[in-house]
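The values are calculated or read from the model by the stated rules, or taken from the named source; none is laboratory data. Note that the structure is predicted; figures quoted are calculated from it, not measured. For neighbour counting, all protein chains shown are included, and Cβ atoms are generated from backbone atoms with ideal geometry for every residue, glycine included.
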Amino acid sequence: MSDRKQPKVGRPATSTPAQLLDRLVSAAVEILSEQAADADFSVAQLAQRAGVSKRTVYTVVAGKEELIAQIIARGAQLATTMLELPVPNAIAAREVLARFLRAWTVFACGPQAVGVYVMAIRERSRYPAIGEAYYSSRNTHGLLPLAAWLRRMQDKGFLPPEDPLVVAELALTMAAAERQRILALGMHEPFTDEQLERRVEAVLRFVFQDSATSPTGVKTL
């Protein structure tokens, strides 16, 4: 008879809070991607999809509003990463902004962002914090990073001296806001590649004031 000890079989390692949060966000994104404009899931449904208990959900997030903030933050990350690219001249600035706008519009008009938008509106009367979380997260992970980038480009002389925050808000609205609202109503489809390029080009002409000379005398692209 062998004296070798058999390995002990016990409980699997407990997930860390960060790992649990990843599972919850991934589960929420799956549900939103399936439901889009019909988004309306409960914490119980989220827990079932993530393979955890409702009690476990509440040990990781306070509620849907915190979950929404996480979904927007992670979804917008690809777009805001574009704003970290090197910008040696005005031509590069135009391309960086184009990349950001494409990525932001794809995210904002995608099923998970549309689903979050629908949830924020649908549940605002019962849970106003959800609407606040949506608005705050959209600003934190989209509007404010873009405004800061525009300010840096102005400091380099690559952009006309306009109010960066106002320009950022108008740029995001032009790029995606109206189409997102239409999709939230269950109408139409996201932009085709051609439509997206036309929209992005229109925003670029607005931001860079194409074919115009800025008040500082800097000729824009």
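Exactly one residue out of ILE121, ILE72, ILE91 is in contact with a Ser or Thr (Cβ under 9 Å, 6 or more places away or on another chain) and among the β-branched types (Val, Ile, Thr), and it is ILE72.
Within the stretch 163-176, which residues are surrounded by fewer than 17 Cβ atoms within 10 Å (Cβ to Cβ) and either more than 16 Å from the chain's Cα centre (by Cα) or not hydroxyl-bearing (Ser, Thr, Tyr) (or both)?
Kept after step one, since they are surrounded by fewer than 17 Cβ atoms within 10 Å (Cβ to Cβ), are these residues of the stretch 163-176: 163, 165-166, 170, 173.
ASP163, LEU165, VAL166, LEU170 - these are the residues of the stretch 163-176 that are surrounded by fewer than 17 Cβ atoms within 10 Å (Cβ to Cβ) and either more than 16 Å from the chain's Cα centre (by Cα) or not hydroxyl-bearing (Ser, Thr, Tyr) (or both).
Among the residues of the stretch 16-51, those that are surrounded by fewer than 16 Cβ atoms within 10 Å (Cβ to Cβ), part of a helix (DSSP H, G or I) and acidic (Asp, Glu) comprise GLU30, GLU34, ASP38. Any chance the stretch 73-85 includes a residue that's surrounded by fewer than 22 Cβ atoms within 10 Å (Cβ to Cβ), of a type in the set (Val, Ile, Thr) and within 23 Å of LYS156 (Cα to Cα)? Scanning the stretch 73-85 turns up at least one residue that is surrounded by fewer than 22 Cβ atoms within 10 Å (Cβ to Cβ), of a type in the set (Val, Ile, Thr) and within 23 Å of LYS156 (Cα to Cα). Filtering the stretch 161-203 to residues that are more than 17 Å from ALA113 (Cβ to Cβ), touching a residue at least 24 places away in the same chain (Cβ under 8 Å) and in a loop (DSSP other than H, G, I, E, B) leaves only PRO161.
Taking the stretch 89-125 as the range and being farther than 17 Å from ALA147 by Cα, more than 19 Å from the chain's Cα centre (by Cα) and either in contact (Cβ under 8 Å) with a residue 24 or more places away in the chain or buried (at least 22 other Cβ atoms within 10 Å of the Cβ) (or both) as the test, the residues that pass are ASN89, ILE91, ARG122, GLU123. Within the stretch 152-162, being surrounded by fewer than 16 Cβ atoms within 10 Å (Cβ to Cβ) and within 17 Å of PRO86 (Cα to Cα) holds for ARG152, ASP155, LYS156, GLY157.
Which of the residues that make up the stretch 128-145 are hydrophobic (A, V, I, L, M, F, W, C), under 19 Å from ALA103 (Cα atoms) and touching an Asp or Glu at 6+ places or on another chain (Cβ under 9 Å)?
Within the stretch 128-145, just LEU143 meets the criteria.
To keep it simple, each residue is scored yes or no on (1) outside any helix (DSSP H, G or I); (2) touching a Pro at 6+ places or on another chain (Cβ under 6 Å); (3) modelled with pLDDT under 90.
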site	(1), (2), (3)
THR81	no, no, no
VAL87	yes, no, no
ALA98	no, no, no
GLN112	no, no, yes
MET119	no, no, yes
ILE130	no, no, yes
SER137	no, no, yes
GLY142	no, no, no
LEU146	no, no, no
